[in-house]
Structure formats: structure tokens, C-alpha cells
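Note sheet for the following structure.
The values are calculated or read from the model by the stated rules, or taken from the named source; none is laboratory data. Keep in mind that what you see is a predicted model, and the values were worked out from it rather than measured. Note: ideal-geometry Cβ built from the backbone for every residue, glycine included; neighbour counts use all protein chains shown.
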Number of protein chains: 2
Amino acid sequence: MGLIVQKYGGSSVADAEGLKRVAARIVATKKAGNQVVVVVSAMGDTTDELIDLANQVTPLPNGRELDMLLTAGERISMALLAMAISNLGHEARSFTGSQAGVLTTSAHGKARIIDVKPSRISEAISEGAIAIVAGFQGINQDTKDVTTLGRGGSDTTAVALAAALEADVCEIYTDVDGVYSADPRVVPSAQKLKTVTYEEMLELAASGAKVLHLRCVEYARRYDLPIHVRSSFSNQEGTWVVKDHPEGDSDMEQAIIAGIAHDKSEAKVTIVGVPDRTGVAARIFQTIADADINIDMIVQNVSAAATGLTDISFTLPKSDGAETTAILNRIQGEVGFASLQYDDQIGKLSLVGAGMRSHPGVTATFFACLSEAGINIEMISTSEIRISIICRVEDLEKGVKAAHSAFDLDAEGEAVVYAGSGR
Amino acid sequence: MGLIVQKYGGSSVADAEGLKRVAARIVATKKAGNQVVVVVSAMGDTTDELIDLANQVTPLPNGRELDMLLTAGERISMALLAMAISNLGHEARSFTGSQAGVLTTSAHGKARIIDVKPSRISEAISEGAIAIVAGFQGINQDTKDVTTLGRGGSDTTAVALAAALEADVCEIYTDVDGVYSADPRVVPSAQKLKTVTYEEMLELAASGAKVLHLRCVEYARRYDLPIHVRSSFSNQEGTWVVKDHPEGDSDMEQAIIAGIAHDKSEAKVTIVGVPDRTGVAARIFQTIADADINIDMIVQNVSAAATGLTDISFTLPKSDGAETTAILNRIQGEVGFASLQYDDQIGKLSLVGAGMRSHPGVTATFFACLSEAGINIEMISTSEIRISIICRVEDLEKGVKAAHSAFDLDAEGEAVVYAGSGR
């Protein structure tokens with residue numbers, strides 16, 4: 001009994017059968033005594049098909065018009081889902097992002113939600129109807145133009161709407177049945193997590209875990225809204241993303257490491273022979289930031305006393321590699337570095353766990369297991385609850401498996417460990 | 001130089017090539033110094049495809065949700081058209097019916113326009129942009145739900161918008177190049193009309209001419225807005241639909257008959273042996289009207305003195321035939337008629353022309369030419385500027401040709417005629 005926001009992705013509503021299956025699940029939730037608000041993505045490949053159409057007309061679609069075009073996708077899926085629910089004898093009303101009060105910035109294609117004013121949704125559910133809301137879209141709060149939210153947008157819509165409605169939970173339905181201790185395709189013994197904290201989920205998402213998008217988790221943390229990640233193909237419990245692990249899990253039983261993420265999408269740039277003077281690094285990174293390129297890890301070596309020169313390495317998305325090297329080449333004369341190296345054969349491996357705070361031995365255990373597996377560490381970066389390393393991309397999956405075992409995360413072993421194990 | 005509203009149908013924008021061709025025409029109009037507002041229908045078969053999707057989900061789609069679904073069609077075409085225009089270097093902004101201020105009644109699937117408040121359109125064109133507006137759609141002015149206007153809806157959107165913007169002309173682009181004196185597929189010598197009055201166009205549309213929908217012409221007449229019907233495949237002048245024929249056309253030159261329409265979509269019901277008492281006919285037609293069935297022509301014979309019984313015949317759309325006979329059978333006992341005859345092998349032939357008012361001989365000429373062609377007249381109905389007859393459907397096209405010649409409308413003869421010809 002409560003107010004539940006459910007989000008279904010495009011693969012869950014890819015065709016009429018999928019729509020009917022999802023409708024049945026929504027009706028079951030309603031019949032259990034809940035008020036239900038549903039956020040839905042465009043069906044299957046609709047978005048790609050619409051982009052193809054745009055490309056037939058122009059090589060560079062205008063941002064405002066591309067958003068107008070793409071939002072037709074959710075309009076179709078939400079209306080069909082409402083019809084499928086009506087067909088089961090329950091009232092459903094669909095609403096566009098605009099009608100649902102999703103107010104955003106003006107950045108077409110990657111707008112951010114500023115506020116949600118869901119008065120029409122509240123009215124619909126208070127009248128006993130199921131509300132279906134288009135994910136991924138909103139309106140520019142100044143111009144009233146239609147906007148889209150970019151990657152992960154439908155998840156973010158769902159969480160933002162749930163927060164505005166003060167829902168009890170936001171259920172995110174995907175094609176996996178929860179968040180795992182590692183990617184099950186790499187580590188077959190990976191375990192589904194019962195709970196993961198917002199902090200851990202943020203670090204996992206930022207480190208390459210695909211199941212939830214960073215922005216959606218940020219929103220949930222800000223409003224302390226529980227997310228339940230689960231499969232639309234089963235009725236099993238999935239993974240709860242919450243503020244803290246349940247109190248029943250004592251420190252003794254609390255896993256130090258919640259999960260292991262890996263990421264093959266980054267490349268490494270090394271600037272060789274940089275003059276070790278105040279302001280030089282700032283000049284380099286400001287130039288890159290001005291091009292709206294996000295860099296991830298940075299390492300600067302101690303400069304050689306004899307030359308006063310140092311090397312600076314950083315990682316960034318491969319998709320920004322060409323532009324970044326072009327930018328750096330343009331400022332080579334001014335900055336005075338010797339040469340550039342570009343390496344796209346790297347992998348990033350990250351351990352994430354709130355338990356790291358109270359368990360100082362994690363780094364030692366991690367590096368020891370990588371060493372035993374014969375894996376060379378090229379870069380290191382840490383946060384309070386995460387350790388990330390860069391290695392050769394061909395060593396990456398071996399490293400994930402080794403770490404998964406070293407921290408006793410494998411399903412066949414004990415799932416919980418280790419206070420004071422000293423690792 | 002002026003403000004021009006253009007409307008393009010689905011066949012004009014069926015694919016990327018069509019969109020580009022239409023975009024080029026719009027840009028040419030803009031370059032000629034005009035402000036341009038464009039109303040566009042959904043691409044080609046999009047609407048039918050969306051209806052197919054709905055039918056896969058439910059046999060009886062909810063009206064509100066079906067409108068939400070179908071309006072995705074114009075959303076796609078208008079955004080793509082705006083992109084195609086941008087690609088030619090001109091700014092274009094697309095607007096939904098709601099954004100364009102098209103306020104309607106609540107009747108989903110057949111809403112009527114109540115008012116148009118196009119402030120966003122005015123703003124866009126005053127800023128030098130071309131405005132693209134979704135045809136066929138609006139919002140319920142009370143609930144703010146999305147509505148569609150039903151058949152002919154995009155033409156009506158264009159005319160209503162043109163009236164609200166006080167445009168100089170509304171150009172309706174179709175796949176024919178104007179309004180003809182008869183259907184050119186039936187009468188190869190039919191001529192394209194330079195002008196036709198609102199009254200004539202209303203009668204032609206009501207009598208089976210398909211080129212413009214009745215509601216759109218009614219709207220134009222109410223606001224005295226010139227419509228220019230023309231082809232999107234050529235630059236030729238089409239037909240102007242205006243209040244009066246140009247003054248330069250003196251009475252001497254004014255054609256009595258503007259055009260000849262025919263219609264094979266009706267059937268005739270005859271109620272045999274109806275008691276000729278006050279109230280009986282009213283009872284019959286009220287029952288039919290209560291079922292929301294529109295009847296067209298009605299004929300009641302003089303009752304036979306011996307029996308006090310009469311026959312009543314009327315015509316109606318074939319699609320309402322089954323329901324109507326079922327309704328009449330239910331009230332047979334109460335009304336006390338003898339039997340029903342249902343005849344769907346009829347055709348309706350209509351002469352339309354404002355000149356009929358001042359030329360009393362039209363009926364005689366018309367009936368004489370049908371008689372010469374061996375065509376039997378079964379029913380007759382007239383208005384101030386129209387004569388319609390019912391004949392056998394197999395005689396219909398022969399009758400259209402005969403009348404077209406009798407009134408000297410054939411292209412090889414003189415195109416203009418006849419004051420005082422006495423016919």
C-alpha cells in the first residue's frame with residue numbers, strides 16, 4: 001500500500017506482447033492497493049529509426065527540432081501502454097513530459113531537470129487512474145520548447161517524478177534482475193546485491209557499471225528516495241539502492257566491497273616533457289575543459305631534477321581522443337612540451353564499497369591480488385569508498401576475476417566477510 | 001509580400017524526398033518576401049500504421065489515448081520538415097497544435113476548433129522564422145488533453161490558423177492542381193476553375209467533391225479568408241475559393257454552373273405503407289437522428305386516398321445502412337409501416353452554381369439532357385444554388401458527362417456562357 005513509480009525501458013515495451021506483459025504487471029501493482037505512476041521509454045528501436053529519418057533530411061539536425069522529433073517515440077509507447085491497461089479494465093491516462101510538469105534547462109539533447117510540478121499526475125492518481133508519463137523529455141522552463149534529457153533520461157525522469165510525488169519507491173525495470181557484485185558476463189560467480197548505498201551506486205556508475213545512470217542516482221540521493229532495480233521478466237526482488245545498508249547487517253557482517261566495476265571506454269594521453277612550472281598544468285587542463293571534454297584520472301610524475309621537465313598522463317573517453325590531441329597539438333608551442341602519446345588499449349578496474357572507510361587493508365589486498373595475477377598497475381586513483389587502477393585492456397577481465405575472489409565476493413564462497421581481517 | 005499559410009498533405013511529405021521538395025517551395029515563398037506559416041499532415045501512411053499498432057494492443061482504443069498516439073504522426077513530419085528547411089539555411093520552428101493555440105471541444109477523434117490563439121506563431125514569424133504547425137490536432141480547452149479533429153482536420157487547422165493570424169491567403173497543396181468543373185477521371189474535358197465561391201464550394205463538398213472538406217470551407221467563409229487550392233508538384237495557379245467571382249467577370253460571361261459533383265457513397269431506404277398521420281414521419285426521423293445518423297435527401301409520396309398510406313424514401317451513407325434498417329425494424333410495430341426496401345445501387349448527381357439564382361431555366365436544361373441520355377430520375381432535391389438528383393449508379397457517370405456538355409463546360413467549347421439563354 002503506497003505510491004509506487006515504475007520505470008520500463010524500451011526493451012520491455014519493444015512490441016505489443018511486451019506492452020501487454022508490462023500492462024499486466026502495472027495492473028497487479030494497482031490491484032495490490034497501490035497508487036501507480038509509470039514512466040516509459042520509446043519502444044525498442046524507435047529512437048534510432050527517428051534519428052535515421054532525420055539523417056535522411058539533413059546531416060546536422062537542429063537541436064530543438066531533433067528533440068521535437070524524438071519525443072514522438074515516448075508519445076507512441078505511452079499511449080499504447082495506456083490502451084493496453086484500459087484493455088485490462090483499469091483506467092490509465094498518458095502524459096507528456098510537459099504535461100507531467102518536467103521543467104528543464106534549455107540544452108537540447110542533454111537538458112537537466114530543474115523542477116517537477118506534477119499536479120496533473122497527482123490529480124490523475126487521486127482519481128484512481130494509473131498515470132503513464134513519457135520518460136526522457138521535458139520542457140524548457142523559459143521558452144516552453146520541448147527538450148530531451150540525454151542518456152539515462154528516462155531513469156532520471158522516474159526518480160525526479162517519484163521525488164516530487166513523495167513516492168515510497170521508484171522501481172526501475174531493466175533486462176537484468178539487479179545490481180551485481182561484478183558484471184556476470186565477466187565473473188559468472190557474481191552475486192546480485194540485496195542493497196547498495198547511493199554513494200556506492202554513484203561510484204559504480206561513474207566507474208563503468210551500466211545498470212543505472214549517474215544522474216538518476218544523484219537525484220535519488222538528494223531526495224533520499226529508495227530505488228528498486230529489478231527485472232520486468234520476473235517477480236524476484238532485485239537490488240535496493242538506499243541511503244545506508246540495513247542496520248541488521250552489523251559491521252561484522254558488512255561486506256567491505258560492494259562491487260567491482262570495469263570500463264574499456266577510456267584512453268590515456270601522456271604529455272611528455274612538460275616544463276615543471278607553476279601554471280603550465282592549469283593552462284593545459286583549462287584548454288581541454290574549454291572544449292567541454294571531461295577527463296577522468298590524472299597522474300603527474302616527479303620532475304627530473306636535471307631537466308626540470310615532467311610527464312603528465314590523463315584518461316578520458318575514447319570518443320574525445322581525437323579532439324583532445326588536436327587541441328594539445330595547437331598549444332604545443334606555447335606550453336613547450338616535447339611530444340604526445342595516445343594509448344587506447346587501457347582498461348579501468350574499480351573496487352567500490354562503503355566499508356573501505358573502516359578497513360584500511362583494502363588497497364594492500366587489491367594490489368597483492370593483481371600482482372599475483374601478473375597485472376601491471378599503470379595509474380591509480382582513489383576516493384573515500386573507491387579504488388581505481390588503470391591496466392592493459394587485455395588484463396582487465398582477469399583483474400576483475402582476481403579481485404572478486406580476493407574479496408570473497410564469489411557466490412560459492414561466503415557472501416559476507418571480514419571485519420579486522422587486516423586486508 | 002504578405003502573410004501566407006500553406007498546408008501540405010501526407011502524400012506531399014511521404015518521404016525524405018517529398019519533405020525536401022516541400023521545404024524548397026516554402027523557402028521560395030519566404031524568399032519572395034512573405035511571412036510563412038506551414039501546416040503539415042502526418043507522413044504518408046503513418047496514421048494507418050499507428051492505428052495498426054493500437055489494434056495490436058486493444059480492439060477498442062480509448063479515445064483520449066488514440067488521439068495521443070495519432071498526434072505523434074504530425075510531430076514527426078513537422079520536426080523533419082523544420083530540419084529540411086534549416087538545411088536550406090532558413091530558420092524554422094515546429095509547433096504542436098497545443099503550442100500553436102488550437103483550442104477544441106472535448107470530442108476525441110472528431111473535435112471541433114473553438115478558438116485559435118497563435119501567439120507563439122506570431123512571435124516566431126515576427127522574428128523572421130518560418131513556423132511549422134502540426135495539422136489535425138489541438139487541445140481540449142477545458143482539460144488540456146490532446147485532441148484530433150477527424151477527417152479534413154489539417155485543412156481546417158490551416159484555415160483556422162490563417163483566419164486567426166489574419167493571413168492574406170491560405171494555400172492548400174494537394175495532389176490535384178485545383179477544383180475542376182467535374183471529376184476529370186469521369187469527364188476528361190473537365191476544366192480547372194479559376195475561382196469558385198465559398199457557397200459553391202460548400203455545395204460541391206457536400207455533394208461528393210473530395211478536394212476540400214466541408215468544415216474547412218465553412219471556416220473560410222465565416223472569416224472571408226481566400227483559399228488557394230493548388231498542386232505541390234507544379235507552380236501553376238490553382239483554384240481560388242473566395243466570397244464572390246471577380247467583378248471583371250460580368251453577368252454576361254459568368255458561368256451559371258460552376259461544377260458538377262457526383263457521389264456513389266449513399267444508399268436509399270424506402271419505408272413502404274406508412275400511415276399518413278401527423279407525427280409519424282417525425283417519429284421515424286427522430287429515432288434515426290437519435291442514433292447520430294445523418295440522412296441526406298427525403299421524398300414522401302402523396303398518399304393513396306383509398307388506403308391513407310404513403311411511402312417515404314430517404315438517402316444516407318451506405319456505412320450507416322445496416323444500423324438504420326435495424327432501428328427501423330425495431331419501431332415497425334409502433335409506427336405500423338408495411339415493409340422496408342434497401343437499395344445501395346444509387347448515384348447522386350449535383351449541379352452547383354451561384355448563377356442559378358438568376359437563371360431559371362437550369363432545371364429544365366438539366367432534366368432534358370438526362371432524358372436524352374435515357375437516365376431516369378428517382379429523387380430530386382434543390383437548394384438556391386444546387387440541384388441534385390438520384391439515379392441508378394450505373395447511369396451516374398453518363399449523367400455527369402451529359403450535364404457537363406449540356407452546360408457547355410467542356411474545355412474544347414467556350415468556357416463561359418449564357419445570360420438569358422433561357423435554359
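Computed values, structure above
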read-out: Of all residues making up the stretch A:14-45, the number that are closer than 17 Å to A:Gly153 by Cα and at pLDDT 95 or above; value: 7
read-out: Yes/no for A:Thr29 being of a type in the set (S, T, N, Q), touching a strand residue (DSSP E or B) at 6+ places or on another chain (Cβ under 7 Å), farther than 25 Å from A:Asp145 by Cβ and surrounded by fewer than 21 Cβ atoms within 10 Å (Cβ to Cβ); value: yes
read-out: Strands (runs of 3 or more DSSP E) lying entirely in the stretch A:306-420 (those with 3 or more residues that are of a type in the set (Val, Ile, Thr)); value: A:309-317, A:386-392
read-out: Residue match in the stretch B:94-101 (condition: more than 11 Å from chain A (Cβ to nearest Cβ) and crowded, with 24+ Cβ neighbours inside 10 Å); value: yes
read-out: A:Ala111 being over 23 Å from B:Asp145 (Cα atoms) and more than 13 Å from chain B (Cβ to nearest Cβ); value: yes
read-out: Any hit, the stretch A:328-347, residues being modelled with pLDDT of 95 or more, in contact with a helix residue (DSSP H, G or I) (Cβ under 7 Å, 6 or more places away or on another chain), in the same structural domain as A:Ile293 (by TED's automatic domain parsing) and closer than 23 Å to A:Leu202 by Cα; value: yes
read-out: Flag for A:Ser106 being touching a residue at least 24 places away in the same chain (Cβ under 8 Å), closer than 26 Å to A:Val27 by Cα and among the hydroxyl-bearing types (Ser, Thr, Tyr); value: no
read-out: Test result for A:Thr310, among the β-branched types (Val, Ile, Thr) and more than 25 Å from A:Thr382 (Cβ to Cβ); value: no
read-out: Close pairs from the stretch B:44-69: first without any contact (Cβ under 8 Å) to a residue 12 or more places away in the chain and assigned by TED's automatic domain parsing to the domain that holds B:Leu149, partner polar (S, T, N, Q) and surrounded by fewer than 16 Cβ atoms within 10 Å (Cβ to Cβ), Cβ under 9 Å, at least 6 apart; value: B:Pro61/B:Asn55
read-out: Strands (runs of 3 or more DSSP E) (entirely within the stretch A:151-253) containing at least 1 residues that are more than 18 Å from the chain's Cα centre (by Cα) and buried (at least 17 other Cβ atoms within 10 Å of the Cβ); value: A:169-174
read-out: Unique residue being at pLDDT 95 or above, under 29 Å from A:Lys110 (Cβ atoms) and β-branched (Val, Ile, Thr) when the list is A:Val242, A:Val211; value: A:Val242
read-out: Residues satisfying the stated conditions in the stretch B:379-415, i.e. surrounded by fewer than 18 Cβ atoms within 10 Å (Cβ to Cβ) and acidic (Asp, Glu); value: B:Glu384, B:Glu394, B:Asp408, B:Glu412, B:Glu414
read-out: Neighbours by Cβ (under 9 Å, 6+ apart or cross-chain): first from the stretch A:5-29, within 13 Å of chain B (Cβ to nearest Cβ) and acidic (Asp, Glu); second part of a loop (DSSP other than H, G, I, E, B) and surrounded by fewer than 23 Cβ atoms within 10 Å (Cβ to Cβ); value: A:Asp15/A:Gly44
read-out: Single residue of the stretch A:311-329 satisfying the filter (closer than 18 Å to A:Ser339 by Cα and not hydrophobic (A, V, I, L, M, F, W, C)) that is surrounded by the most Cβ atoms within 10 Å (Cβ to Cβ); value: A:Thr315
read-out: From B:Val393, B:Val362, residue being aliphatic (A, V, I, L, M), out of contact with any His (no Cβ under 7 Å at 6 or more places or on another chain) and modelled with pLDDT of 95 or more; value: B:Val393
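Residues checked against (1) surrounded by fewer than 24 Cβ atoms within 10 Å (Cβ to Cβ); (2) closer than 25 Å to A:Lys30 by Cα; (3) at the interface with chain B (Cβ under 8 Å from one of its Cβ atoms); (4) among the hydrophobic types (A, V, I, L, M, F, W, C):
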| residue | (1), (2), (3), (4) |
| --- | --- |
| A:Asn62 | yes, no, yes, no |
| A:Leu69 | no, no, yes, yes |
| A:Glu74 | no, yes, no, no |
| A:Ala82 | no, yes, yes, yes |
| A:Ser86 | yes, yes, yes, no |
